[in-house]
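The values are calculated or read from the model by the stated rules, or taken from the named source; none is laboratory data. Worth saying up front: this structure is predicted, and the values here are computed from it rather than measured. In this analysis, Cβ positions are derived from the backbone assuming ideal geometry, glycine residues included, and neighbour counts consider all displayed protein chains.
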């Protein structure tokens, strides 16, 4: 019986295109005790979202494109192009399950 | 020496564009030492509990209790280290340039970041503070200014304040941005003793994790203007520093720094489309700072204000 845990990678990209440049990122590891802290890296783990896909991460959520509210067109706030990826890891075998699934 | 050295036009343009101004080693070491002594600093080896240390400092230090709205000019005893810092010509000039001569104190706080062993002893996680914007949702054009004072050398492993240049015009709700662990272009304060960092209230920031064996102190004062923040700096070169230039098709952009070139410089984290909105908002902030309601850079606002019918 595999003991599956989830690692999560969040990439914020320059545009809505998955192959655009990473501008911000976060990592949460459920498959280990590794902790990723605010400010712990100054360069991204992947240059683009596509590079993460090619390394075995599975895209599970992408932010929607929202229409701009009249009168509020120029307000900026949260980062706009947020992509959630997951990697399933069999912690008994310490192998990324994502790789098994691809085979 | 004049009692106040106001900021230059280009320093103001950089503040408008990036939301911060850094003055390195501007406070003499005699004042730094006095500040640390006044607040009750002791070597980390003499501290066995972060709660006790904080409690002792909060109750016995020379940092006064200040009601919000107190004029900055009267908030600190004249002979205190903080009053001496505020009276330094470069410091007074920066404050007057950003929030005027009659600013008031919102609040102040002495932030202390401890070595890991003290968090373990207190049962607290030894982690960096998540990225956040202070206070709450704040859509104003006017701005408060936060002065951060680093009274001792801050090395990289001490986890000096992390901040993201250019985020100050983003309207977000405090820790709602905690999910953003790392942002391209973020900076970490590494500095010599006596360095000051002036932040627009909206700038995204957070305290770093202290991986050294020393205590790290940062004293912050939030100051609010009581009048429009218009033309408060040394404006003698305001017109000379502004230059209209061809946009996009420009074979000779030149190397001379102008207000336009500063305000139109993107940050590494800019999104392709909202980076242009950042330019629009920087221009609007510059209009507020100069009182010039038609000023523009690279035609961003003139283009969308060229309206002749009902949209």
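Just checking, how many residues over region A:7-35 are closer than 27 Å to residue A:91 by Cβ, more than 12 Å from the chain's Cα centre (by Cα) and surrounded by fewer than 17 Cβ atoms within 10 Å (Cβ to Cβ)?
Residues flagged as closer than 27 Å to residue A:91 by Cβ, more than 12 Å from the chain's Cα centre (by Cα) and surrounded by fewer than 17 Cβ atoms within 10 Å (Cβ to Cβ) within region A:7-35 amount to 5.
Please count how many residues of region B:250-271 are modelled with pLDDT of 90 or more and either more than 14 Å from chain A (Cβ to nearest Cβ) or over 20 Å from residue B:299 (Cβ atoms) (or both).
Residues that pass the stated criteria total 14.
In region B:15-42, which residues are in a loop (DSSP other than H, G, I, E, B) and without any contact (Cβ under 8 Å) to a residue 60 or more places away in the chain?
The answer is B:40, B:42.
Residue-wise test of (1) part of a loop (DSSP other than H, G, I, E, B); (2) under 27 Å from residue B:262 (Cα atoms).
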| site | (1), (2) |
| --- | --- |
| B:98 | no, yes |
| B:101 | yes, yes |
| B:130 | yes, no |
| B:142 | yes, yes |
| B:149 | no, yes |
| B:169 | yes, yes |
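Looking only at region A:41-52, which residues are free of Cβ contacts under 8 Å to residues at least 12 places away in the same chain and either surrounded by 16 or more Cβ atoms within 10 Å (Cβ to Cβ) or under 10 Å from the mean Cα position of the chain (by Cα) (or both)?
Answer for region A:41-52, where residues must be free of Cβ contacts under 8 Å to residues at least 12 places away in the same chain and either surrounded by 16 or more Cβ atoms within 10 Å (Cβ to Cβ) or under 10 Å from the mean Cα position of the chain (by Cα) (or both): just A:51.
Return a yes/no flag: does region A:53-74 have any residue that is modelled with pLDDT of 95 or more, surrounded by 15 or more Cβ atoms within 10 Å (Cβ to Cβ), at negative phi and within 7 Å of another protein chain (Cβ to nearest Cβ).
The answer is yes, given that some residue of region A:53-74 is modelled with pLDDT of 95 or more, surrounded by 15 or more Cβ atoms within 10 Å (Cβ to Cβ), at negative phi and within 7 Å of another protein chain (Cβ to nearest Cβ).
Test residue B:209 against the criterion of being out of contact with any helix residue (DSSP H, G or I) (no Cβ under 7 Å at 6 or more places or on another chain) and either in a loop (DSSP other than H, G, I, E, B) or within 14 Å of another protein chain (Cβ to nearest Cβ) (or both), and give yes or no.
Taking the combined requirement at face value, the residue satisfies it.
Looking at region B:103-116, can you tell me whether even one residue there is surrounded by fewer than 16 Cβ atoms within 10 Å (Cβ to Cβ) and free of Cβ contacts under 8 Å to residues at least 60 places away in the same chain?
no
Taking the residues in region A:8-42 that are under 15 Å from residue B:181 (Cα atoms) and either touching a helix residue (DSSP H, G or I) at 6+ places or on another chain (Cβ under 7 Å) or more than 8 Å from chain B (Cβ to nearest Cβ) (or both) as candidates, determine which candidate is modelled with the lowest pLDDT.
Among those residues, the one meeting the criterion is A:34.
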